[in-house]
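Undergrad: If you scroll down you'll find the structure; I have some questions about it.
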Amino acid sequence: MKKEIQEFIDSKRIAIMGASRSGKKFGNMIADELKPKGYEVFLVHPEAKEISGQVCYPNIAALKDQVDAVLICLPPAKAKQAVQDVADAGLKKVWLQQGSQSPEVLALTKQLGLSTVAGKCIMMYADPVSSLHGWHRTFAKIFGQY
């Protein structure tokens, strides 16, 4: 496993940017999956005060001393600003969930000196891995993509 992945999943206080008020986005699903695995999850949403009973923070700066890492589940157009906000808050670990990365966003993470995981699903790495993610993890290991 890559060093950046291990360091990220070892971080137990994670902000998630990209949960929706409807509760139907991948960011919501990840939050729900990480909590029982021992992660303290903080939702960042620019407008919502709470999502599914969990308090939301208006921006990552409001959390900078409470989290160790940031998971971004936003389209690349919004992920670029999110990455900049992470760096501005002094945080160093970012995970660009599949679909959030683009060459431009990845170039920015490199320019800002962020420890970055991109193009991978955190659910394949945050133990214990179960269900469909467990199968994906097994195949990734077999084909050298873990």
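Undergrad: Quick check: anything in region 25-35 assigned to a helix (DSSP H, G or I), under 21 Å from Val129 (Cα atoms), of a type outside the set (Gly, Ala, Ser) and touching a Phe, Trp or Tyr at 6+ places or on another chain (Cβ under 7 Å)?
TA: no
Undergrad: I need every pair where a residue in region 106-125 that is without any contact (Cβ under 8 Å) to a residue 24 or more places away in the chain and part of a helix (DSSP H, G or I) has its Cβ under 9 Å from the Cβ of a residue that is surrounded by 15 or more Cβ atoms within 10 Å (Cβ to Cβ) and of a type in the set (Val, Ile, Thr), sequence separation at least 6 or different chains.
TA: Listed by first residue and then by second, the contacts come to Leu106/Thr116; Lys110/Thr116.
Undergrad: Pick from Ala79, Ala87, Ala126: which is touching a Leu at 6+ places or on another chain (Cβ under 7 Å), small (Gly, Ala, Ser) and at pLDDT below 95?
TA: Ala126
Undergrad: Still on this model: Which residues, counting only those in region 19-33, are touching a residue at least 40 places away in the same chain (Cβ under 8 Å) and over 9 Å from the mean Cα position of the chain (by Cα)?
TA: Ala19, Lys25, Phe26, Glu33
Undergrad: I'm trying to understand the selection: among the residues of region 49-84, which are within 17 Å of Lys12 (Cβ to Cβ) and either touching a residue at least 24 places away in the same chain (Cβ under 8 Å) or among the acidic types (Asp, Glu) (or both)?
TA: Leu63, Lys64, Asp65, Gln66, Val67, Asp68, Ala69, Val70, Leu71
Undergrad: So which residues in region 1-24 are touching a Ser or Thr at 6+ places or on another chain (Cβ under 7 Å) and in a loop (DSSP other than H, G, I, E, B), if there are any at all?
TA: Gly23, the sole residue that qualifies.
The values are calculated or read from the model by the stated rules, or taken from the named source; none is laboratory data. It should be emphasised that the depicted structure is a prediction, and the values quoted were computed from it without experimental measurement. Every residue, glycine as well, gets a Cβ built from its backbone with ideal geometry; the counts of neighbours run over all protein chains shown.
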